Amino acid sequence: MTGCVTIPAMSESDSPPADLDRFCVSCGYNLRNLPSDRCPECGTTFDPNQSAAPQIPWSYRRSLGRRKAFWRTVRLATFKTKDFAREIDRPVSLADAKSFRRVVALHAFVPIAIAASVLYFDMLQLVRHPWYLHDVFGSIVQWLGWPVMLVSIWLFLIQAMGVCSYFFHPKWLPKVQQNRAVAMSYYACAPWAYLLPAAVIAAAMLFIEAANGHDAPIQIVGIVSVVVVSIVAVQSLLIWFLPYKLLRRRFHCGSARLLLLNATIPVALALLAVLTVGLINLAYWGGALMLMTLI
């Protein structure tokens, strides 16, 4: 497959493919064991010698190494969507896809958790006043609020990275392909992984500005601002448009379905943020305040 990495021989510890069914890219006809190189249903030609084994590097992480397999999969899914979308014609492991989503969520969680923790500690002045001897309960509530906040962020990320799966099983696909498509949808979260290196770059730029203090030249402030804003903008666009690109390239969805996906993703993310980060923290602090009034 053009643009894919060279896959080593699958070891016994690697996930074996669920089946070797291959489907026509045009009509979805099962091409397994056909003697010719043409689909009998629609006439589309295909390469019968092309490997039917999965070509997603993450499926071979035990052979390639987790870090190498992860970043190769991220790059493949993010920047080579045409090649990556063809993986629906091969067996796609749902367990591997969910495992990939968890690792992506971890890469996104680290910078978000650090930024949220800095704001949390600053708002409650926990560094300056880590404990109040005259208010033990209040101190406990403040410190417990920190892991509650982090858990709510993690739940948001895990759910947010599965939002587009509802669009990835169009009814006109065979059942096997629908299952593979749902697994593929979890790989659509790949751009979230770039939050970690993007945050490192942004933090470095902000550190450069802070190191110059109030005497920082206006050029440095401008450059830092442009870089940080550009990183956030590019990251947001990648997260938003990758599911759209996968659907358009592989499933030939109608304009209405694609527009609905584009409109749904930001709305769904906002709603999930309210239901996870918002409600969990609101419930915690509301309950804590009620207990404080009773004590």
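If we scan region 130-145, do we find a residue that is assigned to a loop (DSSP other than H, G, I, E, B), surrounded by fewer than 19 Cβ atoms within 10 Å (Cβ to Cβ) and aliphatic (A, V, I, L, M)? Show your work before the answer.
Kept after step one, since they are assigned to a loop (DSSP other than H, G, I, E, B), are these residues of region 130-145: 130-135.
Keeping just the survivors that are surrounded by fewer than 19 Cβ atoms within 10 Å (Cβ to Cβ) gives 130-135.
From what's left, aliphatic (A, V, I, L, M): 133.
Within region 130-145, one or more residues are assigned to a loop (DSSP other than H, G, I, E, B), surrounded by fewer than 19 Cβ atoms within 10 Å (Cβ to Cβ) and aliphatic (A, V, I, L, M).
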**OP:** Please tell me if residue 103 is modelled with pLDDT of 75 or more, open to solvent by less than 70 Å² (accessible area, probe 1.4 Å), under 17 Å from residue 183 (Cα atoms) and not polar (S, T, N, Q).
**Re:** yes
Original post:
Do we have residue 159 as modelled with pLDDT of 90 or more, buried (at least 16 other Cβ atoms within 10 Å of the Cβ), over 26 Å from residue 266 (Cα atoms) and of a type in the set (S, T, N, Q) here?
Top reply: no
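Search region 110-120 for residues being open to solvent by less than 40 Å² (accessible area, probe 1.4 Å) and of a type outside the set (S, T, N, Q), and hand back the single one that is nearest to the chain's Cα centre (by Cα).
Step one: filter region 110-120 for residues open to solvent by less than 40 Å² (accessible area, probe 1.4 Å), giving 111, 113, 116-117, 120.
Keeping just the survivors that are of a type outside the set (S, T, N, Q) gives 111, 113, 116, 120.
On the way: 111: 14, 113: 16, 116: 19, 120: 25 Å.
It comes out as 111.
The values are calculated or read from the model by the stated rules, or taken from the named source; none is laboratory data. Keep in mind that what you see is a predicted model, and the values were worked out from it rather than measured. Every residue, glycine as well, gets a Cβ built from its backbone with ideal geometry; the counts of neighbours run over all protein chains shown. Accessible surface is based on the protein model in full, side chains and every heavy atom, while ligands, DNA and RNA are left aside. Shrake-Rupley method; radii C 1.70, N 1.55, O 1.52, S 1.80 Å.
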